[in-house]
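S.K.: Below is the structure I would like to discuss, written out as structure tokens.
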Amino acid sequence: METPSQHRHTRTYFRLLIAAGGGALLWALVRLPASQVDFHFLLLAIITLTIGSRITVKIPRLSSHVSVSDTFLLLSVILCGGEAAILLAALDGLSSTMRLSRRTQTYMANIAVTALSTTVTVWVLRLCFGPVEGIAAGGAPLFVTGLCVMAVTQYTVNSGLVAAGMALKTGQGLWETWRKYYLWTSITYFVGAATAGVVVKLISFVGFTAFVVATPMIAIVYLTYQTYLKNIETVERHVAALRESEERFRSAFDYAAIGMALVSPDGRWLQVNRSLCAILGYTERELLGMNFQQITHPDELGSVMAHVRQMLDGQMPTCQTEKRYFHKDGHVVWIYLSISRVRDAQAGEARFIFQIQDITDRKLAERQLLHDAFHDALTGLSNRALFIDRLKLALARHKRLGSAQFAVLFLDLDRFKVINDSLGHAIGDQLLVGIARRLETCLRPGDTVARLGGDEFTVLLEDVSDTREVIAVAKRIEEELSLPFNLGGHEVYTTASIGIAPSTTGYERPDDILRDADTAMYRAKSLGKSRHEVFDKEMHTHAVNLLHLETDLRRALDRREFTVYYQPIVSLSTGEVQGFEALLRWRHPSHGFISPTEFIPVAEETGLILPIGRWALEEACRQMREWQGQFPRAAGLYVSVNLSGRQFANPELIEQIKEALETTGLAPQSLKLEVTESVVMEDIEKTIEMLRQLRALGVESSIDDFGTGYSSLSYLHHFPSSTLKIDRSFIGRMGAAGENTEIVRTILLLARNLGMCVVAEGVETDGQLAQLQALSCDYGQGYLFSKAVNATTAGRMLSEASPASLKTANTEGLAGLRVLVA
């Protein structure tokens with residue numbers, strides 16, 4: 001809106017402009033020679049005022065117009081002389097304004113602008129070229145130059161005067177106003193000047209008739225230009241409509257009741273709305289610096305990334321799913337996620353629209369309903385349905401893994417009916433609740449306790465080593481339940497009869513093991529109550545099997561049933577074998593090869609691991625020294641031997657290692673000893689001292705299965721070990737989605753900072769190898785290079801290798817080993 005100050009300045013400006021225009025017009029009338037007002041001038045004036053002034057081109061976004069008569073005015077300057085052209089310009093200004101406005105000030109201003117601009121144009125031409133009439137008679141360069149000067153001057157003065165008035169009225173700068181509204185109109189002046197020049201030349205050849213013929217052509221040119229400008233206006237309206245639509249979408253996006261986000265293919269948040277920030281607790285700026293992977297629950301990330309890849313590949317247009325995000329303060333937020341694929345017209349690549357609804361309350365309600373369906377209403381313990389389901393899972397896991405032992409305890413309270421009948425059902429219910437709470441304190445987090453009904457309870461103990469562990473739990477329960485309960489002012493004592501059914505009997509159905517536990521419980525009751533009994537068949541079978549295994553182990557060393565296998569450790573940068581890991585194998589005369597996971601725990605428990613481990617150490621040293629003697633090129637190889645927890649705790653270990661090295665003649669630097677992470681953390685001070693003694697002896701050590709134990713990083717740099725071995729579980733889950741890759745990257749970075757080498761265990765695929773090489777992992781071992789082979793096969797690998805590279809491709813039993821031996 002125009003301010004009073006702007007209005008005052010604008011009014012003063014136009015008054016001065018009108019005065020100057022009137023002066024220019026008066027000067028032209030006084031100086032006008034009669035000879036200039038001839039027939040040609042009158043004809044030109046008639047056509048200009050009747051035709052030219054009526055064909056106008058509207059200036060976009062403004063109420064001003066440009067008329068075809070500008071061409072005729074430029075023509076009159078050349079043909080009729082300056083004063084006549086000024087007079088015609090004033091008449092044209094009056095004629096054009098009369099059709100567009102009824103305001104007197106507008107009449108006078110337009111007359112003044114046209115008169116002034118034409119006057120300045122005439123004088124500039126006279127100063128540059130002399131008499132105006134002589135321009136047409138000059139040569140082509142002079143004529144073209146004159147036309148250009150005429151167009152530039154007329155355009156500059158005309159648009160400048162109008163732009164100045166507009167700038168004063170709107171408060172904008174002169175340059176900004178002129179550039180925004182009048183810059184493009186220069187085209188009409190140059191086109192008009194060119195058209196006038198062509199007409200002048202035609203007149204010189206054909207006569208003034210050429211002007212009459214050219215007039216419709218000029219009109220057509222201007223009408224075409226007018227159509228072009230209308231098209232531009234239409235496009236601008238469309239752009240404005242699109243911009244308005246975009247603003248409406250942006251407003252709907254920002255203020256939507258659900259969380260919305262624009263996401264890039266790599267997961268970065270590109271735009272987020274307020275609802276999403278409220279759901280996740282982050283500010284908009286914080287989210288835009290993150291990606292959705294960072295806030296997605298690790299258990300959900302794999303499926304989300306799979307959906308994203310399918311959408312990028314065009315396999316599915318949209319995706320709806322329920323996922324878990326992490327709130328900024330750390331708690332889990334359940335969300336309903338809808339993903340749509342869109343294409344960014346500017347960036348030319350795919351984008352994703354995430355629509356996110358917070359369904360945490362609904363999930364909590366569902367969880368409560370599920371809890372009620374599978375839990376006892378009185379005690380809150382699992383009910384029969386949930387217990388049977390857990391028992392089915394334990395049975396399936398036991399069948400799949402074999403070593404996943406479990407046991408079921410069946411409890412029945414002694415004399416509960418007496419308490420219930422004498423003190424009332426309310427006290428009886430309180431007693432049941434108290435029993436439930438005490439049972440929970442006796443169990444581990446992974447165990448399950450349930451109330452089947454009445455005074456019957458069951459317990460599922462998973463991952464138990466043997467029956468003795470189960471019996472220990474039963475005794476703990478008996479001791480806990482023997483303590484008195486204070487219920488409603490009554491001191492109540494009770495006991496329980498417990499039946500135990502271990503999984504090692506070999507059950508197929510959960511009902512069978514529950515039946516046997518119930519049978520054992522009744523046997524306990526029959527033997528006097530307040531005690532526990534183990535189902536006889538299981539205890540007998542387990543004891544016999546354990547005894548046989550222990551007996552066979554004691555004989556295995558004397559009968560030379562043990563052997564050492566060797567698995568290459570390969571440099572991932574050069575492909576060269578750096579050494580071998582010695583792995584103990586037991587070939588039972590009746591059962592064939594027995595898994596180390598079966599006999600090693602028994603050997604540890606019985607103490608047989610000490611003589612067996614000592615033999616394995618000496619054998620590995622002897623074999624490596626033998627290879628070094630046979631194959632000089634293998635002098636740089638080393639053998640890595642595992643030490644069990646009992647071996648590492650053996651005070652005679654250092655002497656046994658010295659003896660093995662002296663007996664076999666193996667250099668200390670050709671031997672490495674591997675100790676698991678869990679073993680080194682059992683007694684940190686003792687571990688550090690033992691590792692220092694080994695290093696003083698010249699023997700390096702490796703921390704095996706790193707990442708699976710509970711080591712503290714604050715202690716790691718104190719351990720004088722040279723190598724970390726990443727557990728195969730991390731390598732096996734290094735997928736294309738980057739699962740566990742960051743953990744491996746962190747371990748590698750940690751090792752490098754501590755000056756330690758890293759060996760990746762369990763490398764089985766080309767993809768894992770490529771990822772480890774990309775992470776600059778030092779060494780690797782696994783089936784991708786070679787399985788563990790016996791000494792004969794390993795020796796054949798060394799003997800058959802070429803002198804130049806010792807390449808071992810296609811060696812029998814090496815599972816396609818494709819590496820070089822250093």
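S.K.: Out of everything in the stretch 512-542 that is of a type in the set (Lys, Arg) and either modelled with pLDDT of 85 or more or touching a strand residue (DSSP E or B) at 6+ places or on another chain (Cβ under 9 Å) (or both), what residue ends up being nearest to residue 498 (Cα to Cα)?
M.R.: In this case the residue turns out to be 531.
S.K.: How do the helices (runs of 4 or more DSSP H) wholly within the stretch 625-698 filter down when requiring 2 or more residues that are acidic (Asp, Glu): which remain? Spell out how you get there, then give the answer.
M.R.: On the way: elements: 645-649, 653-664, 677-680, 684-697.
By residue number, 653-664, 684-697.
S.K.: Right, something else. Scan the stretch 668-686 for residues that are touching a strand residue (DSSP E or B) at 6+ places or on another chain (Cβ under 9 Å) and either farther than 19 Å from residue 747 by Cβ or not polar (S, T, N, Q) (or both) and report the count. First the steps, then the outcome.
M.R.: Quick first cut of the stretch 668-686, residues touching a strand residue (DSSP E or B) at 6+ places or on another chain (Cβ under 9 Å) only: 668-680.
Then keep just the ones that are either farther than 19 Å from residue 747 by Cβ or not polar (S, T, N, Q) (or both); that gives 668-675, 677, 679-680.
Of the residues in the stretch 668-686, 11 are touching a strand residue (DSSP E or B) at 6+ places or on another chain (Cβ under 9 Å) and either farther than 19 Å from residue 747 by Cβ or not polar (S, T, N, Q) (or both).
S.K.: With respect to residue 626, determine if the residue is open to solvent by 50 Å² or more (accessible area, probe 1.4 Å) and not aromatic (Phe, Trp, Tyr). Talk me through it step by step, then tell me what you get.
M.R.: Working: open to solvent by 50 Å² or more (accessible area, probe 1.4 Å): yes; not aromatic (Phe, Trp, Tyr): yes.
So residue 626 fits the description; yes.
S.K.: Given the criterion of a type outside the set (A, V, I, L, M, F, W, C), open to solvent by less than 60 Å² (accessible area, probe 1.4 Å) and in a helix (DSSP H, G or I), identify the matching residue among 533, 618, 550. Let's see the steps before the verdict.
M.R.: On the way: 533 fails: in a helix (DSSP H, G or I); 618 fails: open to solvent by less than 60 Å² (accessible area, probe 1.4 Å).
Testing whether each residue is of a type outside the set (A, V, I, L, M, F, W, C), open to solvent by less than 60 Å² (accessible area, probe 1.4 Å) and in a helix (DSSP H, G or I) leaves just 550.
S.K.: Let me ask another. Given the conditions (1) part of a helix (DSSP H, G or I); (2) under 19 Å from residue 362 (Cβ atoms), which single one is not true for residue 286?
M.R.: Residue 286 satisfies every listed condition except (2).
S.K.: Which of the residues belonging to the stretch 561-576 are of a type in the set (Val, Ile, Thr) and within 14 Å of residue 672 (Cβ to Cβ)?
M.R.: Step one: filter the stretch 561-576 for residues of a type in the set (Val, Ile, Thr), giving 563-564, 569-570, 574.
Selection gives 569 alone.
S.K.: Looking at 480, 533, which one is over 22 Å from residue 605 (Cβ atoms), in contact with a Cys (Cβ under 9 Å, 6 or more places away or on another chain) and of a type outside the set (Val, Ile, Thr)? Working first, answer last.
M.R.: On the way: 533 fails: in contact with a Cys (Cβ under 9 Å, 6 or more places away or on another chain).
Checking each option against the conditions leaves just 480.
S.K.: So for the stretch 479-491 (the condition being under 30 Å from residue 612 (Cα atoms) and out of contact with any strand residue (DSSP E or B) (no Cβ under 7 Å at 6 or more places or on another chain)), does at least one residue qualify?
M.R.: Applying the first criterion (under 30 Å from residue 612 (Cα atoms)) to the stretch 479-491 yields none.
Scanning the stretch 479-491, I find no residue that is under 30 Å from residue 612 (Cα atoms) and out of contact with any strand residue (DSSP E or B) (no Cβ under 7 Å at 6 or more places or on another chain), so the answer is no.
S.K.: Quick check on this structure: which one of 457, 416 is more than 46 Å from the chain's Cα centre (by Cα) and more than 25 Å from residue 392 (Cα to Cα)? Working first, answer last.
M.R.: Working: 457 fails: more than 25 Å from residue 392 (Cα to Cα).
None of the other options fit; the residue is 416.
S.K.: Kindly establish whether residue 478 is open to solvent by 30 Å² or more (accessible area, probe 1.4 Å), part of a helix (DSSP H, G or I) and under 21 Å from residue 535 (Cα atoms). Walk me through how you get there before you give the answer.
M.R.: Numbers: open to solvent by 30 Å² or more (accessible area, probe 1.4 Å): yes; part of a helix (DSSP H, G or I): yes; under 21 Å from residue 535 (Cα atoms): yes.
It is true that residue 478 is open to solvent by 30 Å² or more (accessible area, probe 1.4 Å), part of a helix (DSSP H, G or I) and under 21 Å from residue 535 (Cα atoms).
S.K.: If you don't mind, there's one more thing I want to ask. Which of (1) farther than 23 Å from residue 435 by Cβ; (2) touching an Asp or Glu at 6+ places or on another chain (Cβ under 7 Å) is the odd one out, the single condition residue 494 does not satisfy?
M.R.: Against the list (1) farther than 23 Å from residue 435 by Cβ; (2) touching an Asp or Glu at 6+ places or on another chain (Cβ under 7 Å), residue 494 comes up short only on (1).
S.K.: Follow-up question, since we're still on this one. Looking at 306, 350, which is the one that is touching a residue at least 40 places away in the same chain (Cβ under 8 Å) and open to solvent by less than 20 Å² (accessible area, probe 1.4 Å)?
M.R.: 350
S.K.: Sticking with this structure for a sec: Name the one entry in 786, 776 that is loosely packed, with under 14 Cβ neighbours inside 10 Å, out of contact with any His (no Cβ under 9 Å at 6 or more places or on another chain) and assigned to a loop (DSSP other than H, G, I, E, B). Working first, answer last.
M.R.: Working: 786 fails: loosely packed, with under 14 Cβ neighbours inside 10 Å.
Only one candidate qualifies: 776.
The values are calculated or read from the model by the stated rules, or taken from the named source; none is laboratory data. In this text, all values refer to a predicted model and were calculated from it rather than measured experimentally. Note: ideal-geometry Cβ built from the backbone for every residue, glycine included; neighbour counts use all protein chains shown. Remember, those area values only see protein heavy atoms, side chains included, never the ligands or the DNA or RNA. Shrake-Rupley method; radii C 1.70, N 1.55, O 1.52, S 1.80 Å.
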